[in-house]
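Below is one structure; the comments refer to it alone.
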Amino acid sequence: MVARVSGAPSANVPAFLAACRREPVTHRPVWIMRQAGRYLPEYRALREKVDFESLTRRPELAAEVTLQPLRRFELDAAILFSDIMTPLQGMGVDLAFEPGPVVRTPVRTDAQIASLPALIAERDVPFVLESIRLVRAGLPRGVPLIGFAGAPFTLLCYLVSGRPSKEFAEARSFLYAQPASAQRLLEHLADAMAEYLAAQARAGAQALMLFESWAGLLAAGEFNRFALAAVRRTAAALRRCGVPLIYYVNQGSALMSAVAALDVDVVGVDWRTGLAEVRRTLGPGKAVQGNLDPAALFAPPDELRRHVDAVIDEAGSAPGHIFNLGHGIWPDTDPGQVARLVDYVHERR
Ligand code: CP3
């Protein structure tokens with residue numbers, strides 16, 4: 001093997017993994033949150049025959065859906081098709097997707113928290129690990145696979161409130177009314193997600209991502225005390241996996257200085273703050289992922305290019321930028337626009 005000249009991109013390391021480690025890349029990597037999903041006609045065709053939950057539980061179907069966008073677009077990473085609530089079902093939480101997750105008996109008492117079992121991934125969610133093995137066997141061009149989980153506080157939002165919500169009032173008031181119970185629940189979820197993600201890495205996931213979709217609900221103090229403390233616990237347990245860890249923080253611009261101290265490789269951000277400012281706050285030790293507004297995919301093609309340019313110019317030329325949207329792609333997006341986006345990011349370098 002030839003020793004790598006420092007500063008030169010390696011052709012052997014996929015651009016996505018190199019960018020996660022802030023190494024030089026041959027091209028700027030791009031993938032799209034929710035890239036496997038409803039905006040693709042082939043996904044909708046499958047969903048006419050099979051319900052969402054079955055897609056997540058049947059490995060050959062989860063693998064097929066995961067691979068669909070990779071067949072259409074030159075994406076630089078795949079993300080497993082699943083849901084953040086899937087491991088909680090494995091822990092015995094009774095929930096339905098309507099289509100957002102609805103927990104039949106919300107978790108609010110110490111007795112309920114104490115009776116939540118530990119997660120043993122191979123026993124409780126073997127189908128997720130089998131899906132990962134099937135995806136890895138089917139991925140084109142050596143594209144790496146991202147495994148994921150919900151961050152503990154985001155999972156707490158659904159467990160305590162019981163259903164999707166703009167405010168998650170029950171969950172947020174729970175932090176103030178029963179802080180010790182909240183902390184116990186978060187620690188339990190932090191350990192379960194560490195086990196879940198480590199099992200995904202053992203099954204073949206080459207990067208791991210924690211979705212903190214509801215971070216923006218919290219004041220900095222509560223974010224630190226509850227959400228970030230729990231993520232720190234998960235991240236510490238995952239360090240020995242040896243795969244990059246991504247922390248996606250939705251609506252977290254006011255929280256970035258706290259996130260800077262967290263031991264993760266990549267921070268994913270929404271579109272509300274420019275990446276130059278995010279990078280300044282995070283410092284040189286973190287790669288960033290984002291942050292085009294999903295609504296920008298509705299711009300005419302030449303204007304879409306301008307919006308992509310703006311994100312890339314903000315990110316700058318320092319290694320360690322993974323192009324993505326600032327949140328999941330909308331179901332009514334034209335797949336043709338996604339093709340233009342991916343190709344243009346690659347042309348721009
Ligand atoms: O196109 C689709 O997204 C449809 C499939 C679907 C997913 N989850 C895929 C998913 C459906 C119907 C769900 C149920 C669900 N779970 C909803 C309702 C979704 C809707 O728009 O109707 C919600 C809100 C959840 C909870 C959830 N799941 C959150 C908060 C996250 C984190 C990402 C985010 O959006 O903030 C997920 C992860 C998730 N759901 C993924 C997928 C494929 C993985 C992440 C990814 O692919 O980027």
Measuring from the longest principal axis of the C-alpha atoms of the chain, the long axis of helix 301-315 (C-alpha) lies at a number of degrees, nearest 10, equal to 80
Please compute P(r) over all alpha-carbon pairs of region 175-275, binned at 5 Å starting from zero, and give each bin as a whole-number percent. 2, 13, 24, 24, 19, 12, 5, 1, 0
Relative contact order (%) - the chain, alpha-carbon pairs under 8 angstrom, separation at least six: 21
Based on C-alpha coordinates, I'd like the Rg and Dmax of region 94-224, in Å. 16.1, 51
Tabulate in residue order the Karplus-calculated ³J(HN,Hα) for region 158-169, using 6.51 cos²θ - 1.76 cosθ + 1.60 with θ = phi - 60°, rounded to whole Hz; enter x for Gly and Pro. 6, 5, 7, 6, x, 7, x, 6, 7, 9, 6, 4
Taking only the alpha-carbon positions of the chain as identical scatterers, the Debye log10 I(q)/I(0) at q = 0.08, 0.12 Å⁻¹ comes out as -0.36, -0.85
Any idea which of Leu46, Gln337, Asn324 is furthest toward the positive side of the dipole for the chain, if Lys and Arg beta-carbons carry +1 and Asp and Glu beta-carbons -1? Asn324
Tilt, helix 59-72 to longest principal axis of the chain (alpha-carbon atoms), in degrees rounded to tens, equals 30
Along the positive direction of the dipole of the chain (beta-carbon charges: Lys, Arg +1; Asp, Glu -1; about the Cα centre), which of Trp271, Ala11, Ala201 reaches farthest? Ala11
Looking at region 96-255, what % of its DSSP beta bridges pair antiparallel, to the nearest 5? 15
The size of the Cβ-based charge dipole (Lys, Arg +1; Asp, Glu -1) of the chain about the Cα centre, to the nearest 20 debye, is 640
Net length gained if the chain between Asn224 and Phe97 were fully extended (0.36 nm per residue, minus Cα distance): 42.7 nm
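Return the percentage of antiparallel bridges among DSSP beta bridges fully within the chain, rounded to the nearest 5 %.
Numbers: 3 of 28 bridges.
For the chain, the DSSP antiparallel bridge percentage is about 10.
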Semi-axis lengths (Å, descending) of the ellipsoid that matches the C-alpha gyration tensor of region 301-349: 19, 13, 9
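Tell me what the chain gives for mean residue ellipticity at 222 nm when only DSSP H runs of n ≥ 4 count, each as -39,500 (n - 2.57), the sum divided by the residue total, rounded to 500 deg cm²/dmol.
-13000 deg cm²/dmol
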Long-range amide H partners of Ile79, meaning residues 5 or more apart or on another chain whose placed amide H is closer than 5 Å, are Ile146
Quick check: Cα centre of region 120-172 to Cα centre of region 268-294, how many Å? 23
Approximate spin-label separation His27-Glu74, in nm, with each point projected 7 Å along Cα-to-Cβ: 0.3
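By how many nm would the segment from Arg280 to Ser115 grow when fully extended, if each residue of separation counts as 0.36 nm and the alpha-carbon distance is taken off? Write out the running numbers ahead of the final one.
Numbers: separation 165, 0.36 × 165 = 59.40 nm, distance 4.35 nm.
That pair, Arg280 and Ser115, stretches by 55.1 nm at full extension.
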Just to be sure I understand the model, the point goes 7 Å from the Cα along the line to the Cβ. What's the resulting Ala8 to Ala169 distance in nm? 6.3
If I take R0 = 35 Å and measure r between the Cβ atoms of Glu130 and Asp343 in this structure, what FRET efficiency does the formula 1/(1 + (r/R0)^6) give, to the nearest 0.05? 0.60
Expressed in nm², what is the orientationally averaged projection area of the convex hull enclosing the Cα positions of region 133-172? 4.3
Would you mind pulling out the separation of the Cα centroids of region 310-349 and region 212-258, in Å? 24
Looks like region 1-118, by Cα gyration tensor root eigenvalues a ≥ b ≥ c and the a/c under 1.5 rounded cutoff (else prolate when a/b is bigger than b/c, oblate otherwise), is oblate
Unit charges on C-beta of K, R, D, E only; dipole of region 32-121, Debye: 140
Provide, as a two-decimal number, the C-alpha radius of gyration of region 271-330 over 2.2 N^0.38 Å, N being how many residues it has. 1.11
Scattering profile of region 233-321 at q = 0.25 Å⁻¹ [log10 I(q)/I(0), Debye over alpha-carbon scatterers]: -1.25
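Laboratory data are not the source of any read-out in this text; all were calculated from the coordinates shown. Just so it is clear, the model here is predicted, and its values are computed rather than measured. A quick note on method: Cβ atoms are made from the backbone with ideal geometry, for glycine too, and the neighbour counts reach across all protein chains shown.
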